[in-house]
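Accompanying notes for the structure given below.
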Amino acid sequence: MSAVAQTVSRSKAGGRPQGLRLLLNNRLAAAGLVVLALMIAAALAAPLLPLADPNATAPADRLLRPLSEGHLLGTDALGRDILSRLVWGARVSLAVGISATVIAAFVGSLIGLVAGYAGGRTDNLLMRGIDMVMAFPYILLALAIVAVLGPGLLNALYAIAVINVPFFARNIRGITLGLSRREFVDAARLSGKSHLKILTTEILPNVLPVIVITMSTTIGWMILETAGLSFLGLGAQPPQADLGSMLGEGRKILFNAPHVSIIPGVAIFLLVMSINLVGDGIRDVLDPRLRSGALTRPVARTAIELDDEEGPSSRTSGGNLLDVAGLRTEFRIGPTVHEAVGGVDLHLAGAECLGIVGESGSGKSVTAMSIMGLVPTPPGRITGGAITLKDEDLLAASDERIRQLRGGAVSHVFQDPLATLHPLFTVGDQIAEAITAHQPASRSQAWKKAEELLRLVRISNPAQRLDAYPHELSGGMRQRVSIAMALANDADVLIADEPTTALDVTVQAQVLALMNKLRREKNASILFITHDFGVVSAICDRVAVMYAGKIVETGRTSEILAAPAHPYTRKLIDCVPVLGEPERRLDAIEGLPPPVSDLPQGCAFAPRCPIAQPECRAQAVELAPLGKERAARCLYPLTHTTGVSADG
Amino acid sequence: MAAYTLRRLLAAIPVLFGLTLLVFLMMALIPGDPATAILGSYATPDNVARLNAALGLDKPLPQQYLIWLGNLFQGDLGRSYALNRPVLDEVLERFSATLILAGTSLVICSVLGLLAGIVSAVRQFGWTDRIVTFIVLVGISTPSFFLGLLLILLFAVKLRLFPASGMYAVYGGGDLADLLHHLVLPALTLSVVAAGVVARLTRTSMLEVLRQDYIRTARAKGLTELRVIYRHAFKSALVAVIPVIGIQAGFVLGGAVYIETVFQWPGIGAMLVNAISTRDILLVQGGVLVVAASYVLFNLAADLFQSILDPRLRR
Amino acid sequence: MDERAAPILELTKVERIFGGGRTLFAREKPAVHAVQSVSLDIEAGETLGIVGESGCGKSTLARLIVGLDNPSGGTIRFKDADLAEIARRDPAALARRIQYVFQDPVSSLNPRKTIRSILEAPLIHLLGMKRAKRQERLVQLMDAVRLRPDFLDRYPHEFSGGQAQRIGIARALAAEPEIIVLDEPVSALDVSVQAQVLNLLAELKARFRLTYVFISHDLSVVETISDRVAVMYFGRLAEIGPARSIFRNPRHHYTRLLLRSVPVPGREVSIPETESAEMPDPYDPPKGCAFYPRCPAGDALCVSRQPPLEPAPGSTSHLAACFHPGSVTGEAAG
């Protein structure tokens, strides 16, 4: 998951000109923009256009139908030209709507910024005031204000602005509150900036896009509301007309001359619709979540699009519990393809624990999540390789079969136990659900089994804990619950994705000890993902080291720790401080891993490798066996004689 | 949970008091005085002063407020001079009609909105999603009073399926079937916009929830996709949608003003519009107060329902 | 080592309480003692490591030292001046002397500012430097943290975590402070990058004669970088002393547990897998030692009152807050 998030966040660069192009790429938004531009142009140019006087009455020509001579859209009950009134009315409606939006946005954003940044009493006071305004149903407050100020266009404008202030204030306050807790605000304070300066130069630039989004999505509303007040006779007063009052006047003669009310109604609809289309377009462009595809829904199972020439099953060796061969998984984000996993071979025997070690972005989690199709699609997809579990081809299995295997034969434990347990269901409910999904058990049977499972993972008072919600438990206890859930159906393979990374060190030690003990008791096989060689050494029989989407070295844990063959493994071990060896110099790896969207042709580690030769960069390096159960992806593997450099 | 409920109920009291203060001040700020409005512009200054004294309007504002509040507690909201009957009687009668209309609309908009939002999220980028999204956009861009007029033209004038106005038939009727018959068009009109807003929000919340780690856990457990979506994801999404349904209650209560005017529904919205034009200030005051108070109580109920779903909110 | 120079920073019984006060109805609001009665000295030129697990109060302590937060009790003295006083009177004066490096390198850089304007802020607001001088200084700073000067006009999202953290360090250096408080500066980084930053920090310290307060949950990192180490548990100091002494001869049972819990390559796990007691409820702290429920050596004395920080025999600098620092009964020696 983290790897995905990272690649996504890295690829979201972008500037203004791209924004407009994106907006125009959205066909609906572009159409809205054209309609809106035409309407605004007409409204602006109203005094210049060859229109009849909108207020000139002509009793002789009353209620002419549209397309009459001289009156393209007909006339109203007083014989006034509807087209002319429409253009002039749109002018009024737009002016009022836009002014109300600007006023509401300015006042509301100001309140929100101050409340969110100041916090404490100021925040409390301002927001209670806003709550007071929100305690009135939306339009009712506008009515009350108009009742106080008296009917009239300007008063309607104030009323509409006032009732929309809370909307901006709440929105902007939320964002500001989040931003002012960010570390860069503290950093600015320590750089000597005053509060006012921080608010205007640090926070405002980050809030501005939100204000623009909120404005673009509310301006349509404001125009509707103004029209509504005018429709009720509380806004524009005759003879001045806006679209709403035209509709209101037309309503009285709806049955005889429907066109008098339908035409302004359609005009309001077109105006608001085009504004909303453009507003949505602007939101899509400005909201980074939408742009990066963070709001796309992952489907139940990773998409599989094998483009392998060779037959899928030809490469698995068979005989193992779990076999992964030539697995390739990539993320397609926009035009870039991130090759997160670029041909990984793994095998896991019964009662064995295999560790996959690597840094973030190395593809270790994606590899593990690909096995049961839990890589989110979009943007992920499996593009090559084969995965077999007990001789069953998982990539060819049906979705229903995969569902049966998930939590049944293959179970998972994830990193952050607070995020991975459902916050709204009790622990017992969630474990029992895992049981009933795979076993024909009644609810009470499942509940009993859940209690046993909690006892198995050494949780005291299991019967009471079943009724607890995840947030009521400590981090270590939550992870025990996750482990209990993974053990519910006696899985053959347990995939553990950094299960102890989010835990405190003493809790991590307990959970590791527990997992180690349970796997010996239950003879379970574990695929253990981690970035920490200390953790690997605590639990894994064998280890595979990943770098830039490929396995660079694999072998028995003790052998690799004692004599790493790949320079990366060597460096990875040496760059981590080890407890009890404070004098050892940390051998840092200079540079950064290559982005998986742009991998070099040869060995991916060559640019950072101290012993790289020209051949290393020339062509892809294969994983070469180095004895029993040992292999390294290196043309010049380190000799086995160099032991771990002990304390200096 | 009981303690939480009690705490929320207690917290609503200051809000209700604030409401009364705001409503009182608003009406006290109205330029001109009610006495002139009651007696007409030809009244002698003497008469105006006497009536002002009788109404207690010569006292300082805080004292006026306390008197007004005391009367309020006794159920006395004053007399509407235009209708010449107690404000409370008129308001309650009208409010029950509005509740029928707004309540029905709220149910329709919640059900439609939630369904459309879920379907749209589950079929993201599919045809269903596109169609729903477009309909929703049209819905929230249409002025409800215009939509009402169109529906009247189509269903009442052209097709003659439903009555164009009123709550009961003028002759005969008066039973539930008659009421429902009259209710269809206004309730539908009123719920369209609100349903659009609910649908949009449900869609976004569902999409957001479906990306959460605990949804991956649910899938990793081997739950069926139906269970993942309708049990695990929907429950979380609902927690986010409930406050918005609360706000929609405000929209339908307020929107009733238009719809009641268009369909001549004898509710409180239509009453308020008339009262504002006739400057029947006490009636406006009473009407605004009752609607706002009921809205506060409804939102309280929404909060409590939300905390039933989400145990983390009960602290 | 035992001959101590005058401390540059002196904390006496420092306390920080969150929450508390009364509600509108005069009911007492719950209060959390994030930091309780912490007394320690920091010498010029040393690196003091502060270790502890989440919720032990180490980050709160860090914020108190840089003046981002004010202590609810006790005093912090910077060279004989009250730090809270300086912070109130002239925050810039404090920021010129004590700077801070944040845990999350990405969120500590404003996404909408160029690196130039981020690094310029302290030069303008703290040092009042003129434009020409600033340009020169910016290049020096970038050079000091080994970044190319042409990165100055880029935005934070264009940098990796390690590079972003170097920019954070450069910003702290810009003010030419005497003390830098580093709050988990490498926790968010990948291990290979972690070493780069740790080496850079060591080099900068020697070059600019800095004093470090280094806060981390990672014992191995703290051991590598610190001269002295303070171990915190539940808002209090459990143990403090020279790094070598703490790591070789820990005297508090919590320190022992921590040391045994760290996964070390080639070492078996020696911790029982059973669920041990959690940390006490912070809203209802115990009267005695907070570690008692997890402690193998606890007895009635430990429950009755707080153990005071006392020096180990034969040492004035190694102190532990434990009534039974010697006894290790009923467990495998760590």
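The values are calculated or read from the model by the stated rules, or taken from the named source; none is laboratory data. Here the structure is a predicted model, which is why all the values come from computation and not from measurement. Ideal geometry is used to build each Cβ from the backbone, glycine not excepted, and the neighbour counts take in all protein chains shown. These area figures cover heavy atoms from the full protein model, side chains too; ligands, DNA and RNA do not enter into them. Shrake-Rupley method; radii C 1.70, N 1.55, O 1.52, S 1.80 Å.
Miscellaneous remarks
- Count of residues meeting criterion [open to solvent by 10 Å² or more (accessible area, probe 1.4 Å) and either outside any loop (DSSP other than H, G, I, E, B) or not assigned by TED's automatic domain parsing to the domain that holds B:Gly148 (or both)] in the range B:214-228: 7
- Candidates are the residues of the range C:158-197 that are in contact with a Ser or Thr (Cβ under 7 Å, 6 or more places away or on another chain) and farther than 17 Å from A:Glu183 by Cα; the one that is surrounded by the most Cβ atoms within 10 Å (Cβ to Cβ) is C:Asp190.
- Counting only helices (runs of 4 or more DSSP H) that sit wholly inside the range A:84-194, those with at least 3 residues that are open to solvent by 30 Å² or more (accessible area, probe 1.4 Å) and under 26 Å from A:Leu208 (Cα atoms) are A:120-134, A:153-180.
- The range C:50-85, subset part of a loop (DSSP other than H, G, I, E, B) and in contact with a Ser or Thr (Cβ under 8 Å, 6 or more places away or on another chain), residue farthest from A:Gly475 (Cα to Cα): C:Asp69
- Screening C:Ile179 with (1) closer than 29 Å to A:Tyr547 by Cα; (2) touching a strand residue (DSSP E or B) at 6+ places or on another chain (Cβ under 6 Å) gives one miss only, at (1).
- Residues of the range B:285-312 satisfying the condition of being within 10 Å of chain A (Cβ to nearest Cβ) and over 16 Å from the mean Cα position of the chain (by Cα): B:Gln285, B:Leu309, B:Asp310, B:Pro311, B:Arg312
- Residue list for the range C:171-196, filter: more than 30 Å from A:Asp532 (Cβ to Cβ) and among the acidic types (Asp, Glu): C:Glu176, C:Glu178
Per-residue answers, yes or no, for (1) without any contact (Cβ under 8 Å) to a residue 24 or more places away in the chain; (2) facing another protein chain (nearest Cβ under 9 Å):
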| residue | (1), (2) |
| --- | --- |
| C:Thr255 | no, no |
| C:Glu273 | yes, yes |
| C:Pro282 | no, no |
| C:Pro293 | yes, no |
| C:Val303 | yes, no |
| C:Pro308 | yes, no |
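- Breaking point among (1) farther than 15 Å from A:Ala488 by Cβ; (2) within 14 Å of chain B (Cβ to nearest Cβ); (3) open to solvent by 30 Å² or more (accessible area, probe 1.4 Å), for A:Ser444: (2)
- Tallying residues that are within 27 Å of C:Cys56 (Cβ to Cβ), within 10 Å of chain A (Cβ to nearest Cβ) and among the hydrophobic types (A, V, I, L, M, F, W, C) within the range C:154-180 yields 1.
- Residue identified as closer than 30 Å to A:Gly407 by Cβ and more than 7 Å from every other protein chain (Cβ to nearest Cβ) among B:Arg231, B:Arg219, B:Arg211, B:Arg279: B:Arg231
- Filtering the range B:248-291 to residues that are surrounded by fewer than 24 Cβ atoms within 10 Å (Cβ to Cβ) and under 27 Å from B:Asp76 (Cβ atoms) leaves B:Pro266, B:Ala270, B:Val273, B:Asn274, B:Ile276, B:Ser277, B:Thr278, B:Arg279, B:Leu282, B:Leu289, B:Val290.
- With respect to the conditions (1) open to solvent by less than 10 Å² (accessible area, probe 1.4 Å); (2) in a helix (DSSP H, G or I), A:Asn206 lacks only one, and its number is (1).
- Only one of A:Ala95, A:Ala46, A:Ala142 that is farther than 19 Å from A:Thr218 by Cβ and of a type in the set (A, V, I, L, M): A:Ala46
- Looking across the range C:102-133 at every residue that is buried (at least 18 other Cβ atoms within 10 Å of the Cβ) and assigned to a helix (DSSP H, G or I), the one that is farthest from the other protein chains (Cβ to nearest Cβ) is identified as C:Ile115.
- Failed condition for C:Asp143, given (1) in contact (Cβ under 8 Å) with a residue 12 or more places away in the chain; (2) out of contact with any helix residue (DSSP H, G or I) (no Cβ under 7 Å at 6 or more places or on another chain): (1)
- Residue selected from the range A:488-519 under the condition touching a residue at least 60 places away in the same chain (Cβ under 8 Å) and over 19 Å from A:Val357 (Cβ atoms), by the criterion most open to solvent (accessible area, probe 1.4 Å): A:Asp492
- Residue match in the range B:158-177 (condition: out of contact with any helix residue (DSSP H, G or I) (no Cβ under 8 Å at 6 or more places or on another chain) and either within 8 Å of another protein chain (Cβ to nearest Cβ) or touching a residue at least 60 places away in the same chain (Cβ under 8 Å) (or both)): no
- Subset of the range C:224-260 (residues that are farther than 26 Å from C:Ala202 by Cβ and either surrounded by 24 or more Cβ atoms within 10 Å (Cβ to Cβ) or not aromatic (Phe, Trp, Tyr) (or both)): C:Tyr233, C:Gly235, C:Arg236, C:Ala238, C:Arg251, C:His252, C:His253, C:Tyr254, C:Arg256, C:Leu257, C:Arg260
- Within the range A:130-142, none of the residues are within 30 Å of B:Gly286 (Cβ to Cβ) and more than 14 Å from chain B (Cβ to nearest Cβ).
- Filter result for C:Pro250 (of a type outside the set (S, T, N, Q), more than 10 Å from chain A (Cβ to nearest Cβ) and in contact with a Leu (Cβ under 9 Å, 6 or more places away or on another chain)): yes
- Inspection of the range C:83-93 identifies at least one residue that is free of Cβ contacts under 8 Å to residues at least 12 places away in the same chain, open to solvent by 30 Å² or more (accessible area, probe 1.4 Å) and among the acidic types (Asp, Glu).
- Where a residue in the range A:537-552 is farther than 15 Å from A:Ala349 by Cα and its partner, wherever it lies, is of a type in the set (Asp, Glu), with Cβ under 8 Å and at least six apart: A:Ala538/C:Glu268; A:Val545/A:Glu553; A:Tyr547/A:Glu359; A:Gly549/A:Glu339; A:Ile551/A:Asp345
- Residues being under 18 Å from A:Leu494 (Cα atoms) and touching a helix residue (DSSP H, G or I) at 6+ places or on another chain (Cβ under 6 Å) - total across the range B:220-241: 2
- Counting only strands (runs of 3 or more DSSP E) that sit wholly inside the range A:466-585, not one has at least 1 residues that are within 8 Å of chain C (Cβ to nearest Cβ).
- In a residue-by-residue description of the range B:199-212, the property of being buried (at least 19 other Cβ atoms within 10 Å of the Cβ), touching a residue at least 60 places away in the same chain (Cβ under 8 Å) and in a loop (DSSP other than H, G, I, E, B) applies to no position.
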